[in-house]
Amino acid sequence: MKNRIIALCLPFLVGIAGCDVYREKEVDPIITVNHRSVNMFAGETFQLIASPGEVAFTWTSEEPEVAEVSSDGLITAKSAGATDIFVSSGNQTLGVTVTVDTKIPLTDFAISEYSASLRRNDEVLLQVFPEPMNANDYKVIEWRSKNEDVATVDYKGLVIGRTYGTAEVECTIVGTETTVTKVVSVEVSIGPRPTTPFKGPHTLSAVAPYRLPAADFDYGGRGNAWSDTNTGANQAGAAGTQYRTDNGDNNAGSVGIEGAGTGIGYTSNGEWLVYTVEVEDAGEYTFEVEVACNGASAVRLEIDLESDSWSEWSTLISMSLPANNGWSNYKWETASSTVNLPAGTVRLRFYFVTAACNFRAMRFTYAP
């Protein structure tokens with residue numbers, strides 16, 4: 001049996017020995033290219049790079065009149081249109097889409113609005129309109145707020161009001177041939193002011209002292225422009241009431257206005273008057289009050305901070321006023337220190353802490 005098995009195996013081994021050695025079939029390498037689509041202007045060139053680098057490639061253009069390609073993959077845009085650039089090696093071919101536009105230079109642009117009024121935390125989206133509308137050579141749009149404490153802007157032109165004040169928002173478009181910048185003025189407020197100036201504007205500046213009559217407190221009525229413990233008619237007489245109504249204010253009837261607006265009388269503790277002023281030159285001002293005190297009195301001047309809501313009053317200065325011999329003996333009393341006022345529209349409140357005086361006017365003198 002053993003000899004028989006050996007005899008059967010010999011022909012099989014001989015057959016194996018007579019076969020060729022196994023050879024692995026060659027496979028074409030996979031083609032890749034650095035871009036699968038390209039946008040160009042007529043006249044521009046763009047280099048395509050195919051891999052692997054040790055392989056020889058053939059480059060062809062389907063529409064050479066739109067874009068032609070060199071033997072090493074350099075595209076030259078010829079005219080507006082679209083074509084496919086093919087790269088081939090062996091049995092493999094890969095296509096790259098090329099779109100060619102005619103360059104239309106940007107000459108200018110417009111913004112949807114050049115001034116915006118916002119309340120705190122409100123938003124406005126500023127839109128850009130290129131000129132001409134079909135301009136296609138600008139590549140960068142940059143938005144920037146010059147005062148981010150007041151208003152911020154994102155890369156889309158979305159402006160958000162942050163706090164009371166004004167800010168300039170710039171938009172810059174960078175084209176291949178020109179750069180254009182436009183400015184939008186943004187004003188942020190807490191909301192509609194509850195009072196407006198009476199016989200204004202009352203402008204404080206470095207040019208000259210400004211005398212603000214006491215009877216020229218704001219329009220706005222009780223609780224907004226003034227507070228008076230009297231709920232009836234003007235205790236000082238009809239002439240004072242007429243002074244206000246002659247100037248368009250029918251909501252000051254119970255304030256003790258004397259004469260034809262010559263002063264404020266019949267004052268009581270806790271009463272107050274609001275004045276809106278325009279501060280042209282920010283800085284320190286000497287503050288004086290013209291009063292006739294029948295007894296020792298105390299007043300203070302306050303400023304509206306306008307932070308989260310209107311009428312958030314903060315004390316600028318407090319004054320003790322000596323008795324100066326009667327209700328009609330008016331004298332100027334000067335505060336012991338200056339008051340610091342910011343530039344812009346400012347609301348001030350004159351507050352009677354201890355009221356034993358008649359009040360005729362305030363005076364502000366710039367004190368650099």
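The values are calculated or read from the model by the stated rules, or taken from the named source; none is laboratory data. Fair warning: this is a prediction, and the values are worked out from it, not measured in the lab. All Cβ positions, even for glycine, are placed from backbone atoms using ideal geometry, and neighbour counts span all protein chains on display. Remember, those area values only see protein heavy atoms, side chains included, never the ligands or the DNA or RNA. Shrake-Rupley method; radii C 1.70, N 1.55, O 1.52, S 1.80 Å.
Looking across segment 267-295 at every residue that is surrounded by 19 or more Cβ atoms within 10 Å (Cβ to Cβ) and of a type in the set (S, T, N, Q), the one that is farthest from L316 (Cα to Cα) is identified as T267.
Give the residue, chosen from A356, A367, that is in contact (Cβ under 8 Å) with a residue 12 or more places away in the chain and out of contact with any Asp or Glu (no Cβ under 8 Å at 6 or more places or on another chain). Please lay out each step first, then the result.
Numbers: A367 fails: out of contact with any Asp or Glu (no Cβ under 8 Å at 6 or more places or on another chain).
Testing whether each residue is in contact (Cβ under 8 Å) with a residue 12 or more places away in the chain and out of contact with any Asp or Glu (no Cβ under 8 Å at 6 or more places or on another chain) leaves just A356.
Just to be sure I understand, how many residues within segment 87-121 are out of contact with any Phe, Trp or Tyr (no Cβ under 8 Å at 6 or more places or on another chain) and without any contact (Cβ under 8 Å) to a residue 24 or more places away in the chain? The number of residues fulfilling the criteria is 0. For segment 201-221, a residue qualifies if it is farther than 23 Å from V291 by Cβ and open to solvent by 30 Å² or more (accessible area, probe 1.4 Å), and the qualifying residues are P201, T203, A206, V207, Y219, G220. Within segment 317-338, residues that are of a type in the set (G, A, S) reach partners that are open to solvent by 50 Å² or more (accessible area, probe 1.4 Å) with beta carbons closer than 7 Å, at six or more positions or on different chains, in the pairs S318/R300; A323/N294; A323/A296; G326/N294. For segment 54-77, a tally of residues being crowded, with 18+ Cβ neighbours inside 10 Å and of a type in the set (S, T, N, Q) returns 1. As a summary of the residue check, N324 satisfies the conditions (1) open to solvent by 10 Å² or more (accessible area, probe 1.4 Å); (2) modelled with pLDDT under 95; (3) not hydroxyl-bearing (S, T, Y) except for the one numbered (1). Checked against (1) part of a strand (DSSP E or B); (2) at pLDDT below 90; (3) under 10 Å from the mean Cα position of the chain (by Cα), T152 passes all but a single condition, namely (2). If you go through segment 222-280 and keep only what is touching an Asp or Glu at 6+ places or on another chain (Cβ under 8 Å), in contact (Cβ under 8 Å) with a residue 40 or more places away in the chain, assigned to a loop (DSSP other than H, G, I, E, B) and of a type outside the set (A, V, I, L, M, F, W, C), you end up with N224, D228, T229, G261, G265, S268, E271.
Scanning segment 78-115 for residues that are open to solvent by less than 30 Å² (accessible area, probe 1.4 Å) and part of a loop (DSSP other than H, G, I, E, B) gives a single hit, L106.
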